[in-house]
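Quick notes on the structure that follows.
The values are calculated or read from the model by the stated rules, or taken from the named source; none is laboratory data. All values reported here derive from a predicted model rather than from experimental measurement. When we count neighbours, we look across all protein chains shown, and the Cβ atoms used for this are built from the backbone with ideal geometry, even at glycine. Quick note on the areas: whole protein, heavy atoms, side chains included, nothing else; ligands and nucleic acids left out. Shrake-Rupley method; radii C 1.70, N 1.55, O 1.52, S 1.80 Å.
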Amino acid sequence: MKKGKLLWLALIVIFCFVMNAQTKPDHSKWDQLLILNVSKDGKVNYEGMIKDSPLFYEYFRSLSDTPPTEEWSKEEKLAYWINAYNAIALKMIMDNYPVKSINDLHDPWNQKFFRIKDKRYSLDEIEHQILRKMNEPRIHFLINCAANSSPKLWNMAYTAKNVNEALETKTREFINDPTKNVIEDEKINLSQIFEWYKDDFNKGDVAAFINQYSTVRINKVPKKSYKQYDWGLNKQ
């Protein structure tokens, strides 16, 4: 009798574990695609990604089939939505390739491109209504909209285990990247990300936020110190 109860409890535990695993996406497919088709400097081999489209669409469907729930940790939700945003932007390019810029597409920011059950999401909705509301300003340095001036697309998938470290390292990397920002004693020329989302960074004190990561400290950000965004495609 005792053995039967123990077996029954073991089966219940295994069943619950399997069911829980099925409610979360497997980011390893995305990881594989990025390793194969994205360089260390964030440039994408779109032709290679298109060749690997069966694996890409398998991952993309898994995102739709396993949306976040209230039980997920903040790290799991962050990894999910950042990966989703990056995958959506990449898919929009793949579906219209060759294209010179995401802005060449029809209304790319408001297109309801991603579906979860009966609801569809656009890139703007994911960024502004989900990610920005998670009160984590460093997400701006992990999401990528397929543009040269965007933060580099990481050639690894974000996961609950690596997202916190990635938020820190990718923010520091972006701020100190001379192709994205020029931060010198005599010259300041910042990414427009800091202009567009000013209020996200230390309640509008952009200089104070930058000083947490920059190798050169600045006192303030002059009004005319933002460089024009390069929307050219981030292709290899």
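A few remarks follow.
- Every condition in (1) open to solvent by 10 Å² or more (accessible area, probe 1.4 Å); (2) assigned to a loop (DSSP other than H, G, I, E, B); (3) at pLDDT 95 or above; (4) not aromatic (F, W, Y) holds for P54 except the one numbered (2).
- Qualifying residue in region 30-50 (condition: in a helix (DSSP H, G or I), closer than 18 Å to N234 by Cα, polar (S, T, N, Q) and modelled with pLDDT of 95 or more): yes
- Residue identified as over 30 Å from F209 (Cβ atoms) and among the aromatic types (F, W, Y) among Y121, Y46: Y46
- All told, T23 meets the bar of being open to solvent by less than 80 Å² (accessible area, probe 1.4 Å), out of contact with any Asp or Glu (no Cβ under 6 Å at 6 or more places or on another chain), farther than 26 Å from S149 by Cβ and modelled with pLDDT under 95.
- Search result, residues across region 68-89 that are surrounded by fewer than 16 Cβ atoms within 10 Å (Cβ to Cβ) and in contact (Cβ under 8 Å) with a residue 12 or more places away in the chain: T69, S73, K74
- Qualifying residues in region 116-136 (those that are outside any loop (DSSP other than H, G, I, E, B) and surrounded by fewer than 12 Cβ atoms within 10 Å (Cβ to Cβ)) - the one modelled with the lowest pLDDT: K119
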